[in-house]
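Here is the structure we will look at.
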Protein chains: 2
Amino acid sequence: MDQAAYILASGWACSYKLVEDGQRQIVDFQIPGDFLGLRSVLLNVSDHSIEPVTDIEVTEIHVADLLAAFAQTPRLATAMLWAASRDEAMVVEHLVNIGRRDAAARLAHFLLELGARLALVGLGSKEGYACPLTQYLLADALGLSAVHVNRVLRQLRERGLVTFRDGFVAFGDYDQLANFAQFEPSYMDQTGPLLS
Amino acid sequence: MDQAAYILASGWACSYKLVEDGQRQIVDFQIPGDFLGLRSVLLNVSDHSIEPVTDIEVTEIHVADLLAAFAQTPRLATAMLWAASRDEAMVVEHLVNIGRRDAAARLAHFLLELGARLALVGLGSKEGYACPLTQYLLADALGLSAVHVNRVLRQLRERGLVTFRDGFVAFGDYDQLANFAQFEPSYMDQTGPLLS
DNA sequence: CGACACCTTGAAACCCCTCAACGACTGTGG
DNA sequence: CCACAGTCGTTGAGGGGTTTCAAGGTGTCG
């Protein structure tokens, strides 16, 4: 039981699962401040893989320390539980995104969510943000082909909604885009755990 | 803060999210023994809706009691965290299912997972299980149309893999079906939380 | 300069959706 | 007892969103 969890200090990573024919589904991208590998520690099963997107720096957390901390500081466990719930809420939103939105709305929603998360850690605004992802990564995250991602990005650009180029996402008309993607950021609850 | 969580004592329910044009995405079905509404309690935001599938019986859990129990029994919080992680792992698997499998494999995978979950609580086996879901519910869960669910069910039946009829799922060739759907039940970790 | 990764675009094929219609069954009220 | 509505399952035809295949362009790096 010498598994470890990490907190991403700088850089981007992604967690994904492979299917047998070589395709993969990216579950989420991790940005600075996010946990890495928390679930595999808790479940004692590595049910997904993690890969860096850029160069990354991490700080290690020993499982034993974590569990010991739980015992001494019950609130910590509650806070972790809250964090896990928020993560699950985001995965759920991805599920809705892939299951019930067409490629354009899917892509728009994804770029908006990423922007909102980055804004929280000071790495973006409603103007845009630096984004090291390739179109191939986007495709794997959104359940699309890279070719189609390219086409849809062009559509969104030509309609003046978003431009993703040269590693930078620039929102054209943020409000219209949010409306188009039916982006409701409430699922990214930031009010914190229910501690008294 | 008078929200409550529940444990499903009998019957089936489902949690879902709506998108604006009237479609919905079912995130998961709850079977006896599952939590209901845990995430909305933790996040203080009701980010999804719940609907009964059959008549149901629930036992209520007060949030205040739950948090108090965490403080007194740290291991309980760890156990809850483990449960939440398992739930998330299942949602992730659904994400992979919808994102990277075609309709037939998707349906097969779903029926297999449901069977495995039911078998754990004594409600099913490798032969089959009673299943009160309609084809419309399956469609909402799998990101498909009801019409297509119907067609794909027929395919699976004609190939002798599964038969879903009259509220009963009957596996034809379980192993071949599991292979076809690339069903790897390891993500449904049942070994329990990492409590020394 | 060549290798490589990534972006871009076109054409054809395919999976799945929408629309439409009908049958089987259930419950309900007359 | 029967007509009726409602839900669910079934099947066909047509259309559209995405995929695959293919090719070429750009930039970076050794």
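The values are calculated or read from the model by the stated rules, or taken from the named source; none is laboratory data. Since this is a predicted model, take the numbers as computed values, not measurements. All Cβ positions, even for glycine, are placed from backbone atoms using ideal geometry, and neighbour counts span all protein chains on display. Just so you know, the surface numbers come from the protein's heavy atoms only, side chains and all, with ligands and any DNA or RNA stripped out. Shrake-Rupley method; radii C 1.70, N 1.55, O 1.52, S 1.80 Å.
Considering A:Val45, A:Val58, the condition of being surrounded by 15 or more Cβ atoms within 10 Å (Cβ to Cβ), over 13 Å from the mean Cα position of the chain (by Cα), at pLDDT 90 or above and more than 16 Å from DNA strand C (Cβ to nearest atom) is satisfied by A:Val58 alone. In the stretch A:158-173, of all residues being within 9 Å of DNA strand C (Cβ to nearest atom) and out of contact with any helix residue (DSSP H, G or I) (no Cβ under 9 Å at 6 or more places or on another chain), the one that is nearest to the other protein chains (Cβ to nearest Cβ) corresponds to A:Gly167. Quick check, is B:Val147 open to solvent by 30 Å² or more (accessible area, probe 1.4 Å), at pLDDT 95 or above and of a type in the set (A, V, I, L, M, F, W, C)? In short, yes.
Quick check on this structure: which one of A:Pro52, A:Pro32 is open to solvent by less than 40 Å² (accessible area, probe 1.4 Å), more than 10 Å from chain B (Cβ to nearest Cβ) and touching a residue at least 40 places away in the same chain (Cβ under 8 Å)? Testing whether each residue is open to solvent by less than 40 Å² (accessible area, probe 1.4 Å), more than 10 Å from chain B (Cβ to nearest Cβ) and touching a residue at least 40 places away in the same chain (Cβ under 8 Å) leaves just A:Pro32. If we keep just the residues of the stretch A:120-131 that are open to solvent by 20 Å² or more (accessible area, probe 1.4 Å) and more than 15 Å from the chain's Cα centre (by Cα), which is nearest to DNA strand C (Cβ to nearest atom)? Step by step, filter the stretch A:120-131, then rank; the result is A:Glu127.
Scanning for something free of Cβ contacts under 8 Å to residues at least 24 places away in the same chain and farther than 18 Å from B:Gln30 by Cβ, does the stretch B:75-88 turn up at least one residue? Yes, the stretch B:75-88 contains at least one residue that is free of Cβ contacts under 8 Å to residues at least 24 places away in the same chain and farther than 18 Å from B:Gln30 by Cβ. Of the residues making up the stretch A:128-148, those that are in contact (Cβ under 8 Å) with a residue 40 or more places away in the chain and more than 14 Å from chain B (Cβ to nearest Cβ) are A:Gly128, A:Tyr129, A:Pro132, A:Leu133. In summary, A:Gln155 fulfils each of the numbered conditions (1) within 10 Å of DNA strand D (Cβ to nearest atom); (2) away from chain B (no Cβ under 14 Å); (3) open to solvent by less than 30 Å² (accessible area, probe 1.4 Å) with the single exception of condition (3). Counting only helices (runs of 4 or more DSSP H) that sit completely within the stretch A:55-127, those holding 3 or more residues that are within 10 Å of chain B (Cβ to nearest Cβ) correspond to A:63-72, A:74-100.
If the condition is being surrounded by fewer than 21 Cβ atoms within 10 Å (Cβ to Cβ) and closer than 9 Å to A:Phe164 by Cβ, then the stretch A:132-144 contributes only A:Gln135. Looking only at the stretch A:158-184, count how many residues are in contact (Cβ under 8 Å) with a residue 60 or more places away in the chain, within 16 Å of DNA strand D (Cβ to nearest atom) and either buried (at least 19 other Cβ atoms within 10 Å of the Cβ) or under 19 Å from the mean Cα position of the chain (by Cα) (or both). The number of residues fulfilling the criteria is 2.
If the condition is being outside any loop (DSSP other than H, G, I, E, B) and either on the phi > 0 side of the Ramachandran plot or more than 15 Å from DNA strand D (Cβ to nearest atom) (or both), then the stretch B:17-39 contributes B:Lys17, B:Leu18, B:Val27, B:Asp28, B:Gln30, B:Phe35, B:Leu36, B:Leu38, B:Arg39.
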